[in-house]
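K.L.:
Sharing a structure below in structure tokens format, with a few things to ask.
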Amino acid sequence: MRIRIDAVDLPGLTFPAPVDGKVPEYRNVHVAVQRRDRPAELLAPQPGDARSASWTLECTTSVSPAGIEVKGPYVQHRLGHRFIYLSWGTVDDAGVFTMFRRAKLMLDGIPADVLTAARDGLLVGRLGLTDAQGGPLCARVRPPHIIWTAEHAG
């Protein structure tokens, strides 16, 4: 199975400091998929002002008593929950990505019928990446903030 993440509504290249000043302003903001247990390994960083961003992940599936389990190099597994990290960071002049926040795309929020239909094809998650305050989306992301569909592999 492959998983494709299609993102729109990116928040921009600059994330202003909040009025309380507890965090700094972030410049040259990018977003990427983080590899499992390797936070420095990122798949296809995209600028925060891109019109859209898309990542395709190769995965495997297996059936367990809990249902269909998805595994792969970009699928995280913590405390019984599988998810995909979208890491937000700044990119400096040397091209170094420094993470400042992450979004967890929770795979346990995928409807069972969609996951079953995608098992031998393509699972697509569509979401917007700007939060309610106009910044980079973070925290746990579940439907309705992400829409999961099954498509034929092509």
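K.L.:
Every residue in segment 36-68 that is of a type outside the set (S, T, N, Q), more than 17 Å from Val8 (Cα to Cα) and open to solvent by 50 Å² or more (accessible area, probe 1.4 Å), please.
P.N.:
Arg36, Asp37, Arg38, Pro39, Ala40, Glu41, Glu58, Val63, Pro65, Ala66
K.L.:
Being among the aliphatic types (A, V, I, L, M) and touching an Asp or Glu at 6+ places or on another chain (Cβ under 9 Å) is the filter; apply it to segment 1-20 and report the residue that is modelled with the lowest pLDDT. So that I can check it myself, show each step before the final result.
P.N.:
So the first thing to find is which residues in segment 1-20 are among the aliphatic types (A, V, I, L, M), and the list is 1, 3, 5, 7-8, 10, 13, 17, 19.
Narrowing further to those that are touching an Asp or Glu at 6+ places or on another chain (Cβ under 9 Å): 1, 3, 10, 13, 17.
Details: Met1: 95, Ile3: 97, Leu10: 98, Leu13: 97, Ala17: 76.
Looking at residues that are among the aliphatic types (A, V, I, L, M) and touching an Asp or Glu at 6+ places or on another chain (Cβ under 9 Å), I get Ala17.
K.L.:
Under 8 Å between Cβ atoms, at least 6 apart or on separate chains: pull out the pairs that start in segment 1-23 with a residue that is farther than 28 Å from Glu58 by Cβ and free of Cβ contacts under 8 Å to residues at least 24 places away in the same chain and end on any residue that is aliphatic (A, V, I, L, M) and open to solvent by 50 Å² or more (accessible area, probe 1.4 Å).
P.N.:
Ala17/Val23
K.L.:
Of all residues in segment 60-84, which are touching a Phe, Trp or Tyr at 6+ places or on another chain (Cβ under 8 Å), under 19 Å from Arg126 (Cβ atoms) and in a strand (DSSP E or B)?
P.N.:
If the condition is that a residue be touching a Phe, Trp or Tyr at 6+ places or on another chain (Cβ under 8 Å), under 19 Å from Arg126 (Cβ atoms) and in a strand (DSSP E or B), then Ile84 is the only one that fits.
K.L.:
Now for a separate question. Identify, please: which residue in segment 21-33 is closer than 17 Å to Leu10 by Cβ and not charged (D, E, K, R) and is, among those, modelled with the lowest pLDDT?
P.N.:
Tyr26
K.L.:
Just checking, which of Val96, Val124 is aliphatic (A, V, I, L, M) and in contact with a Ser or Thr (Cβ under 8 Å, 6 or more places away or on another chain)?
P.N.:
Details: Val96 fails: in contact with a Ser or Thr (Cβ under 8 Å, 6 or more places away or on another chain).
Exactly one residue qualifies, and that residue is Val124.
K.L.:
Of all residues being within 16 Å of the chain's Cα centre (by Cα) and charged (D, E, K, R) in segment 84-137, which is most open to solvent (accessible area, probe 1.4 Å)? Just the residue, please.
P.N.:
Going through the qualifying residues, I end up with Arg126.
The values are calculated or read from the model by the stated rules, or taken from the named source; none is laboratory data. What you see is a predicted model; the values in this text were computed from it and never measured. Heads up, the Cβs are rebuilt from the backbone with ideal geometry, glycines too, and the neighbour counts pull from every protein chain shown. Heavy atoms of the whole protein, side chains included, go into the accessibility calculation; ligands, DNA and RNA do not. Shrake-Rupley method; radii C 1.70, N 1.55, O 1.52, S 1.80 Å.
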